Amino acid sequence: MVTAGKEKLLVIGGGAAGMSAASRARRLRPGMDITVLESTGYVSTALCGIPFYLAGKANFEQLIHYTPEFFTCERNIEILLNTSVTEINRSASVIKYENILTSGAGEMPYDYLLIASGGKAAWPNIKFPREAKNLFTVRSLDDARNLKNYIEKNNPKSAVIIGIGAHGIALAEALLERNIKVTMIDSATPFGYLSDEQRGFLFDKMLEKGIEILTCERILGAHGDTTLEGLDTDSGKIIGDIFILAAGYRSDGALAEDAGLEMLHGAAIKVDDFQRTSDFNIFAAGDCAGVRCMLTGERIIHSTAAVANKTGYAAGGNICDEKTRFPGTVRTKIFTFADAVVGSVGLSESEAHGFGFPYSSVFVKAQEKPGYAGGGDMLLQMIFNTKTGKILGVQAAGSAGTHALVDTAIAVITTGMKLDELSNLDLSYNPAVSNAYSPLHYAARKALKNL
Ligand SMILES: Cc1cc2nc3c(=O)[nH]c(=O)nc-3n(C[C@H](O)[C@H](O)[C@H](O)COP(=O)(O)OP(=O)(O)OC[C@H]3O[C@@H](n4cnc5c(N)ncnc54)[C@H](O)[C@@H]3O)c2cc1C
């Protein structure tokens, strides 16, 4: 311990994980000295709400769950905004920081350190004019505000989104609300975990809304300097008024890596089930940290707000000697486009193959509720272990009820339910919302015939 009186917890990053951890630690240790260092001007941000803000459906203030004043006054947590941690000195138990506005720098000792630095946009391996004023990444509230201000000032008519994933699709939908024509480009076939039918269902919805979709199309170069004018691709040139990079996300574990902590896949911080890093007094949580896959036991990078909140909570508890084990993820993903919901839980077919599971899969198309009640189609793929009968993965695309189906599948997979149990699971039925047989029942029954 380096401090004489109170124990000192420093938290790097005031996002979902950092603020959950700080709040949990405060609850358990009223006397602890807790400081959060955050490089932007906000803490407790709702990044997931950014597409709503860009579409004009939410205002900026709604993207902040709690203000810094709330944490200071109500929870006695010191918040240092616009303060970036630049180094962790583990042998001295000290961090170095820099104030972004004043360029002032300093050092701060810690007894416990939580790294919750999140992640950042991954840039493809192409020379982009990164400073171009019409090229955006959308990973922070400042990014979102810059993009919105630019749109309102310059009234762009067209946008090119680089990367066809959940993030890019959410941004595309927001731009459509502003009558901006959207082209999306991806160098591969997007959503490799979906079946062709499910991907087709989603793409049809996007095409109906006027999105131009270019897949398996590589970007070879970019034109412009202060303004990005166009992209050279395999089949020609794409031009647009604005360009948004949504080609992936990388955990930001740089501080930890520089400090010699063990890393996962060279990007995320390796932690145990209690969020402890390879240094006993340093914890990590959220997007910057790895997480255990409950199906395979391997440590993976799975960046979601849902996991960030829970791993932050666990870290805050464990810093205060609680033994809170975060059991891991079942690789849950969900996103929407227009009236379509797309979700995945567990392993895809190629992952089941890669991990050497004895597996097979079934595909069913069924209505979420009766036609007379307006039921839309759900396309469901289920992957199951042919030896144990356990469900390994479910991918689904369809109408609104797909969300409930995905959540049910999460519980099924997490508890290791088998096909015969699922085939008779007493799920809720009322024609306004569901059918007497869920698509999950149909899939389980079909799979049982293949066992
Ligand atoms: C547009 C958008 C939509 C999303 N939609 C969803 C969704 O629908 N569902 C979902 O589950 N997830 C969604 N996410 C992802 C989700 O927001 C993240 O998984 C979540 O925010 C991770 O929380 P975190 O605390 O780990 O990281 P963050 O929320 O990124 O917080 C990390 C913080 O650390 C700060 N920081 C970094 N380095 C330093 C440093 N050196 N010194 C000081 N501070 C530092 C950063 O400024 C940042 O505020 C979305 C993200 C975006 C951007």
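The values are calculated or read from the model by the stated rules, or taken from the named source; none is laboratory data. Source: prediction; values computed, not measured. Cβ sites come from the backbone with ideal geometry, for glycine too, and all protein chains shown count toward neighbours.
Some observations on this one:
- Restricting the stretch 316-339 to residues that are under 19 Å from the mean Cα position of the chain (by Cα) and aliphatic (A, V, I, L, M), the residue that is nearest to Gly266 (Cα to Cα): Val330
- Only one of the numbered conditions (1) over 13 Å from the mean Cα position of the chain (by Cα); (2) within 11 Å of the ligand (Cβ to nearest atom); (3) surrounded by fewer than 21 Cβ atoms within 10 Å (Cβ to Cβ) is not met by Gly312, and that is (3).
- Residue check for Lys418: surrounded by fewer than 17 Cβ atoms within 10 Å (Cβ to Cβ) and not hydrophobic (A, V, I, L, M, F, W, C): no
Conditions (1) modelled with pLDDT of 95 or more; (2) assigned to a helix (DSSP H, G or I); (3) of a type in the set (S, T, N, Q); (4) surrounded by 15 or more Cβ atoms within 10 Å (Cβ to Cβ), marked per residue:
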site: Val341; (1), (2), (3), (4): yes, no, no, yes
site: Gly356; (1), (2), (3), (4): yes, no, no, no
site: Phe384; (1), (2), (3), (4): yes, no, no, yes
site: Lys387; (1), (2), (3), (4): yes, no, no, no
site: Tyr442; (1), (2), (3), (4): yes, yes, no, yes
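- Among the criteria (1) in contact (Cβ under 8 Å) with a residue 60 or more places away in the chain; (2) surrounded by fewer than 23 Cβ atoms within 10 Å (Cβ to Cβ); (3) within 16 Å of the ligand (Cβ to nearest atom), the one Leu176 does not fulfil is (1).
- Of the residues making up the stretch 84-140, those that are touching a Gly at 6+ places or on another chain (Cβ under 9 Å), of a type in the set (D, E, K, R) and assigned to a strand (DSSP E or B) are Lys96, Glu98.
- Ser44 being away from the ligand (no atom under 16 Å from the Cβ) and in the same structural domain as Ala308 (by TED's automatic domain parsing): no
- Selection from the stretch 358-379 of residues that are in a strand (DSSP E or B) and either among the basic types (Lys, Arg) or at pLDDT 95 or above (or both): Tyr359, Ser360, Ser361, Val362, Phe363, Val364, Lys365, Ala366, Met378, Leu379
- Matching residues, the stretch 129-158, being within 15 Å of the ligand (Cβ to nearest atom) and in contact with a Ser or Thr (Cβ under 8 Å, 6 or more places away or on another chain): Ser140, Leu141, Asp142, Asp143
- Looking only at residues in the stretch 72-117 that are at positive phi and in contact (Cβ under 8 Å) with a residue 40 or more places away in the chain, the one that is surrounded by the most Cβ atoms within 10 Å (Cβ to Cβ) is Ser93.
- Residue, surrounded by the fewest Cβ atoms within 10 Å (Cβ to Cβ), within the stretch 190-208, restricted to residues that are in a loop (DSSP other than H, G, I, E, B) and within 20 Å of the chain's Cα centre (by Cα): Gly192
- Index of the failed condition, Asp258 passing every other in (1) farther than 30 Å from Glu152 by Cα; (2) modelled with pLDDT of 95 or more; (3) assigned by TED's automatic domain parsing to the domain that holds Asn149: (3)
- Scanning the stretch 265-294 for residues that are within 16 Å of the ligand (Cβ to nearest atom) and under 14 Å from Gly119 (Cα atoms) yields Ala267, Ala268, Ile269, Ala284, Ala285, Gly286, Asp287, Cys288, Ala289, Gly290.
- Filter result (touching a residue at least 60 places away in the same chain (Cβ under 8 Å), small (Gly, Ala, Ser) and surrounded by 18 or more Cβ atoms within 10 Å (Cβ to Cβ)) within the stretch 1-52: Gly13, Gly14, Gly15, Ala16, Ala17, Gly18, Ser20, Ala21, Ala22, Ser23, Ala25, Ser39
- Thr227 surrounded by fewer than 16 Cβ atoms within 10 Å (Cβ to Cβ), among the polar types (S, T, N, Q) and more than 27 Å from Arg24 (Cβ to Cβ): yes
- Any hit, the stretch 216-228, residues being in the same structural domain as His167 (by TED's automatic domain parsing), closer than 18 Å to Glu173 by Cβ and touching a Ser or Thr at 6+ places or on another chain (Cβ under 8 Å): no
- Whenever a residue of the stretch 257-286 is in a helix (DSSP H, G or I), its partners that are loosely packed, with under 15 Cβ neighbours inside 10 Å, lying with C-beta atoms within less than 9 angstrom and at least six residues away or across chains, give the pairs Glu257/Gly266; Asp258/Glu87.
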